[in-house]
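The structure appears right after this line, and notes come after that.
The values are calculated or read from the model by the stated rules, or taken from the named source; none is laboratory data. Predicted model only: the values in this text are computed from it and were never measured. Here the Cβ is made from the backbone with ideal geometry for all residues, glycine too, and neighbour counts use every protein chain on show. Protein only, heavy atoms only, side chains kept; ligands, DNA and RNA dropped before computing areas. Shrake-Rupley method; radii C 1.70, N 1.55, O 1.52, S 1.80 Å.
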Amino acid sequence: MIGLGYELKVTLFGALVNLLDPFLVIPLRLCSKYYQICGIWKCKLEVQNYQSMEAFKFAIEEINKNPNLLTNITLGFKIFDTCTVLRRATEGTLWMLSGGDVSVPNYHCYEEGTLAGIVGDSGSTRSILMAQILGLYRYPQISYFSTSPLLSNRNLFPSFFRTVPSDRFQSQGLAELILYFGWTWVGLLATDNDYGQLGLQVVKQEIVRAGACVAFIENIMTGQANRGAPHIVKVIKDSSAKVILVLSSDSDFMPVVEELTKQNITGKIWIASESWSTSTLLNKEKFQPVLMGTLGFAIHGGKMEGFVEYLNNLHPSKSPNDLFLLEFWEETFSCKWNSIHNSSEGTFNQSIHKCNGGEKLESVLANVDLRITFNVYTSVYTLAWALQNLLHCEPGEGPFLNGSCTNISSLRPWQLLHYIRTVHFQTKDKTPIFFDDKGDPPALYDIVNWQLSSTGSMEQIIVGSYDSSSPGGSKMKINNTAIIWRSKLVLQHTIYKCLHLANSLIQTPQSKCSPSCPLGFRKAPIPGKPTCCFECIQCPLGEIANETDAVECQKCSRDTWPNIQQDMCLPRTIEFLSYEEAMGVNLASLSIISSLAPIGLLGVFIWYRTTPIVRANNWSLSCLLLISLFFCFLSSLAFIGYPQPEKCLLRQVAFGLAFTLCVSCVLAKTITVVIAFKATRPGTSLRRWTGVKVSYSVIVICVLLQISVCVIWLSSSPPFPDYDTETQSRVIILNCNEGSPFAFWVMLGYLGFLATISFIVAFLARRLPDSFNEAKYITFSMLAFLCVWISFIPATLSSHGKYTVAMEIFAILSSSWAMVVCIFLPKCFIILFRPHLNVRQNLMRK
């Protein structure tokens with residue numbers, strides 16, 4: 001803990017720091033009280049903590065030499081050692097508030113200067129205890145390494161600030177790091193203290209919220225000597241999770257790493273929290289097979305210009321009264337200075353020798369991490385800039401009552417607290433320093449990767465960054481090509497040296513409960529298991545999955561269809577009976593050629609209209625029948641080609657009316673035959689019906705009825721072009737939707753009704769005298785007509801698309817040809833090839 005004070009020209013600056021290794025304590029012989037409380041045995045001084053203290057002193061000297069910062073104000077300091085003991089943290093806090101070696105509540109005895117603020121402590125638990133006391137007096141407190149989220153509570157800790165990000169940001173960032181690489185099956189390890197448990201809650205919440213799953217959660221038991229390592233390693237060994245996040249200090253995690261090394265558990269990717277991501281304790285050769293490839297968050301380290309040179313210039317001969325430096329030198333180089341300060345206490349190394357002064361700190365401090373040190377440095381500058389802003393307050397524009405400012409000689413702690421809340425400055429390396437409303441700085445982390453150096457040792461390489469204040473939501477930036485993942489095989493040390501560069505080519509390791517579902521498959525949850533454990537089920541027909549691990553399959557649009565793999569939609573082929581394909585050309589040619597037959601027969605009938613056979617078979621009706629057959633043949637052309645709206649609207653109507661006219665003519669001819677025979681009997685009343693009026697009346701009535709059906713059909717539910725996407729998956733069938741199938745079958749049924757009546761009447765009249773009788777020809781024609789259209793019904797129901805259209809065209813041509821052949825071919829044969837039979841005497845004789 002470091003207390004900061006100031007005075008005009010001569011200033012006292014107090015401080016409380018932890019200089020000890022977490023496992024060890026050390027007597028700091030500044031006073032007998034320290035010696036008695038901390039113990040009488042000697043322990044090795046922690047390099048990192050000593051370096052932090054020197055960074056504090058370096059910042060003080062730098063500020064005091066700066067003519068543009070705190071002009072005519074000199075900063076001083078006093079250092080208190082907490083010995084990592086809560087009682088010592090409390091006592092040191094009260095000493096600084098009292099201003100002496102004895103704590104007197106609500107009493108200040110600062111003769112040298114005024115206490116401005118306190119820098120410290122490093123541990124969250126001790127900082128919480130200190131902040132509860134300092135918050136009562138509103139004394140500014142700035143910690144450089146206390147990361148507990150609890151300290152962000154302004155109601156409990158109104159005067160607490162820190163230059164290290166809260167664990168809340170780290171936990172969110174670690175969760176984002178896991179999700180960035182697509183790891184959905186993750187194990188969690190955390191110490192059973194506030195640091196581990198509070199961070200664990202946030203990480204688990206963020207992971208689950210993003211849809212990933214936690215394979216297991218285990219606590220590192222700090223109250224046990226082995227930290228519960230055997231049980232933890234067994235869980236890790238039995239789990240299929242390849243990625244494990246560890247929220248722990250390096251000292252608490254070390255027993256677990258040792259057990260992992262002992263059992264040769266490799267192939268895991270470790271995600272490190274900032275408390276061990278840059279640890280020198282775990283950076284040992286024997287841990288390489290286990291920890292190689294580790295990714296972690298590390299506190300962003302800024303640059304302190306001149307600090308390395310400052311450290312290298314430290315020497316006991318230059319500062320003979322610096323007891324910290326003297327002891328650090330002796331412990332580091334295992335030697336002893338001939339000084340009155342040295343005691344005859346035993347040392348760690350029995351081969352102790354005299355310090356000659358030629359030892360170099362460069363070899364010891366060369367690889368020491370400066371991340372925490374930089375936070376100490378910025379903590380001092382934060383207080384300095386707050387004092388600077390206080391000094392430059394303009395009367396009338398101040399933050400206090402009526403715009404007043406405060407006099408620095410009578411400064412109250414809550415007055416400086418206001419300026420710390422609003423402080424905003426940049427360090428020499430352009431790092432912005434400011435606090436949010438909870439006293440937290442912007443969360444800025446380096447993402448480090450544990451790689452093998454050219455010397456064979458592990459080193460932490462920066463491969464990315466995480467900045468909570470980054471605009472646009474791009475908080476995390478990672479250089480994937482710079483990451484070297486651990487090989488899946490357990491390689492020996494010498495192989496690592498040769499292949500560590502090749503390892504960078506290894507793809508990002510996977511950590512999933514179930515293998516990824518390939519394209520064309522979707523995930524199906526397994527009952528009783530987490531959502532990340534699933535089965536892969538192929539997409540249903542007509543649906544695709546164009547990404548791995550698809551939750552749902554997607555339907556293709558109407559104009560596309562899935563490929564065989566069901567991972568993409570392909571454009572469908574539009575199918576209709578066109579003039580460009582062989583079947584369309586053949587049917588169109590057949591229709592045109594067929595239409596020439598009734599025209600030719602019509603010409604024959606016109607040319608031979610005075611002959612007996614033509615006159616005996618009702619010449620006018622025969623001509624009308626031939627014309628209607630001509631239109632029947634041509635009506636089939638309306639079914640070929642692109643189904644345009646006009647074509648769909650008229651093709652069935654044209655077909656229906658043409659055939660209605662045709663069958664009506666046949667019916668009229670049949671009725672005429674019957675009436676003509678009956679009229680020859682003496683005394684019959686049918687003689688007046690033998691004219692053409694009856695025939696045309698039958699035709700008109702029959703056609704009008706069909707026209708009525710068609711008008712109702714077209715006005716209520718007309719046909720329209722339709723895209724059939726359901727019948728065939730790969731083809732869009734473009735056809736004419738009949739609009740009202742009922743109306744279509746009524747029209748077709750009416751034709752069948754007329755044909756049936758014609759067939760019955762003709763069948764009954766088939767035995768009338770041959771001279772006037774063509775009923776037997778009509779019987780055969782109507783029989784063929786009915787057979788064709790009755791066969792058409794099942795044929796059209798069993799076919800699809802253009803084949804249905806082809807079936808209808810075939811039915812039209814077949815039924816038309818049936819009437820041409822059965823009714824007119826015998827007559828034309830006699831007219832053209834047996835003219836001697838086409839005489840009145842022959843007909844009268846019969």
| note | Checked against the positive end of the charge dipole of region 358-474 (+1 on Cβ of Lys and Arg, -1 on Cβ of Asp and Glu, about the Cα centre), the farthest of 424, 403, 450 is 403
| field | For region 529-538, Karplus couplings with θ = phi - 60° (6.51, -1.76, 1.60), whole Hz, Gly/Pro x | value | 10, x, 5, 7, 9, 8, 10, 9, 10, 5
| remark: Given backbone amide H placed at 1.01 Å from N, residues whose amide H is under 5 Å from that of residue 574, ignoring those fewer than 5 places away on the same chain, are 732
| region 704-761, relative contact order in percent, only Cα pairs under 8 angstrom and at least six apart counted | 33 percent
| Within region 89-173: Cβ-based charge dipole about Cα centre, in debye rounded to nearest 20 (Lys, Arg +1; Asp, Glu -1) | 460 debye
| note | Order by accessible surface, 1.4 Å probe, largest leading, for residues 535, 259 comes to 535, 259
| Where does each of 716, 52 land when they are ordered by accessible area, with a 1.4 Å probe and the largest first? | 716, 52
| Sorted by accessible area (1.4 Å probe), largest first, how do 392, 315 line up? | 392, 315
| task | Could you tally the net charge around residue 82, taking each other residue with its Cβ under 10 Å from the Cβ of residue 82, Lys/Arg +1 and Asp/Glu -1? | result | 0
| Against the rule of thumb 2.2 N^0.38 Å, how large the Cα Rg of region 109-227 comes out | 1.32
| query | So, in Å, what gap is there between the alpha-carbon centers of region 594-613 and region 533-550? | reply | 69 Å
| residue 440's amide H: which non-local residues (gap 5+, or another chain) put their own amide H closer than 5 Å, with H modeled 1.01 Å from N in plane and none for Pro or chain starts? | none
| note | Here, trypsin sites (Lys or Arg not before Pro) of region 67-175 satisfying both criteria (DSSP loop; at most 10 other Cβ within 10 Å) are none
| Quick one: net charge of residue 203's neighbours, Cβ under 15 Å, K/R +1, D/E -1? | -3
| query | Can you give the accessible area of residue 759, probe radius 1.4 Å, in Å² rounded to 10? | reply | 50 Å²
| task | Express in whole angstrom the spacing between the alpha-carbon centres of region 776-795 and region 511-529. | result | 61 Å
| remark: Computed ³J(HN,Hα) along region 662-667: with the Karplus parameters 6.51/-1.76/1.60, θ = phi - 60°, integer Hz and x for glycine or proline, the list is 5, 5, 4, 5, 5, 4
| query | At a probe radius of 1.4 Å, what is the per-residue accessible area of residue 800, in Å² to the nearest 10? | reply | 90 Å²
| request: Determine the alpha carbon to alpha carbon distance for each of 430/475; 262/284; 669/693; 318/430; 57/318; 78/318 and list only those over 23 Å. | output: 318/430
| note | Under 5 Å from the placed amide H of residue 434, counting only residues 5+ away or on other chains, we find none
| task | Can you find, among 171, 141, 201, the residue farthest towards the positive end of the dipole of region 129-209? Put +1 on the C-beta of Lys and Arg, -1 on that of Asp and Glu. | result | 141
| remark: Taking Cα pairs closer than 8 Å and at least 6 residues apart, the relative contact order of region 590-637 in percent is 61 percent
| field | Per-residue SASA entry for residue 429, accessible area with 1.4 Å probe, Å² rounded to 10 | value | 50 Å²
| request: Report ³J(HN,Hα) in whole Hz for each residue of region 284-292, in order, from the Karplus equation J = 6.51 cos²θ - 1.76 cosθ + 1.60 where θ = phi - 60°; Gly and Pro get x. | output: 10, 4, 5, 8, 4, x, 8, 9, 4
